[in-house]
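Notes for the one structure printed next.
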Amino acid sequence: MALEGLSPDIFSVSVAPGEKLRVISYQSSYDSSSIIAVACGFGIQFGFVERDIQELEIVVRELLANISRHGGGEGTIVFYSRELADRLPTLIIDFMDNGPGFPDYDLSLHDNTISGFTPGGGLPSARRFCDRVELMPNSPKGAIVRITKSSSRSNPHRIGSFVVLSKPHLGETHNGDQATVIHTNNFTLVALVDGLGHGLVAFQAAKSAITIIEQNYQVPLDQLIKIMHIELMKTRGAAVSLAKINYDPQTIDYLGIGNVNTALISNTANHLVNYNGTVGLDISRSHVVTYKYELGMRLIMYTDGLASNWMKNQDLNIECDALQQAHTILSSHARPTDDATLVLGKLMLWTPENG
């Protein structure tokens, strides 16, 4: 099993991949070697160390094998490059197949949950060796797995690994909840956005907010929310929560507006302060609040698509596996009449040596 607290960020909602580098058709297992070679070539170009290259080769080989076994035998592999100002370039790869998709996206990330897999194969190996794993909603032709990997030199240390799981409003193809997690050398920024309403217009508002966050993540949170407010005036608006987890000192700068709630979990749940309002419509009263944290705590963000009293009826044991716990919460407490999203992370030290 993957080491708890040392795993990559896991997403069931997508973020913009960046600049497209290359598209390769996968028609049979005979194409695997050439696709692996392309992936490793980009890894070298992006400053991957030897261990990173070895891990990338394992993941690409396993995910291509999954297309052969479970994805209709054919697919398309798309390579992207994405850059943040203080990091080496990040390699993003989409594996798009022609199969039936995943019967349960969340549980598919666990070892031994997909028929025919051996421990460490497919998605579980991606979970171990990548920065982020995203499972996309099934396209008309199959499923999409997106992996994100950067050089281990990009983040000599960081605090936290996060799971992001989401379910759209029943009957909707667009999800109005969107999230992102950005690790830098000095802090990790966690953001969850709930576009007003649901469906396409909510998705457009939330996606705009995420784009702004990822373009301006280095600015102070109060300035970031003002930038978002101006840009989201073009949309129907959104509830937004931002948590900047500073490594030294161990503090969290937090700014939440609207009904995206956040709590720090230890023996009890400490709810962080949110202000009334909607980004893009009214943020007349808000300011950044700073909290102290201790290693081992969990940070949880969630939208109002979860039942209002869900915490009273849920075990929040911080020793549990984060992915399994997030899946249990979402499957037990998500309301079908709204988008529901949960961000769950354990605040502990991650390094290339122990990750």
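Scanning segment 229-250 for residues that are surrounded by fewer than 20 Cβ atoms within 10 Å (Cβ to Cβ) and under 18 Å from residue 338 (Cβ atoms) gives a single hit, 236. Of the residues making up segment 286-318, those that are of a type in the set (A, V, I, L, M, F, W, C) and touching a residue at least 40 places away in the same chain (Cβ under 8 Å) number 9.
Per the conditions (1) buried (at least 21 other Cβ atoms within 10 Å of the Cβ); (2) aliphatic (A, V, I, L, M); (3) free of Cβ contacts under 8 Å to residues at least 60 places away in the same chain, the sole criterion not satisfied by residue 189 is (1).
When the residues of segment 272-286 are filtered to those that are within 24 Å of the chain's Cα centre (by Cα) and not in a loop (DSSP other than H, G, I, E, B), the one that is surrounded by the most Cβ atoms within 10 Å (Cβ to Cβ) is 279. Considering (1) touching a His at 6+ places or on another chain (Cβ under 8 Å); (2) touching a residue at least 60 places away in the same chain (Cβ under 8 Å), the lone condition that residue 214 does not fulfil carries the number (1).
For the residues 42, 79, 95, 48, the requirement of being assigned to a loop (DSSP other than H, G, I, E, B), surrounded by 16 or more Cβ atoms within 10 Å (Cβ to Cβ) and modelled with pLDDT of 85 or more singles out 48. Looking at 265, 283, just one residue is modelled with pLDDT of 85 or more, β-branched (Val, Ile, Thr) and farther than 27 Å from residue 236 by Cα, and that residue is 265. Quick one: which of 14, 25 is modelled with pLDDT of 85 or more and not basic (Lys, Arg)? Answer to the check: 25. Within this structure, residue 62 fails the test of being in contact with a Cys (Cβ under 9 Å, 6 or more places away or on another chain) and either without any contact (Cβ under 8 Å) to a residue 24 or more places away in the chain or assigned to a helix (DSSP H, G or I) (or both). Within segment 251-271, if we keep just the residues that are polar (S, T, N, Q) and loosely packed, with under 15 Cβ neighbours inside 10 Å, the residue that is nearest to residue 204 (Cα to Cα) turns out to be 270.
The values are calculated or read from the model by the stated rules, or taken from the named source; none is laboratory data. Fair warning: this is a prediction, and the values are worked out from it, not measured in the lab. Here Cβ is always computed from backbone atoms with ideal geometry, including for glycine, and neighbour counts include all displayed protein chains.
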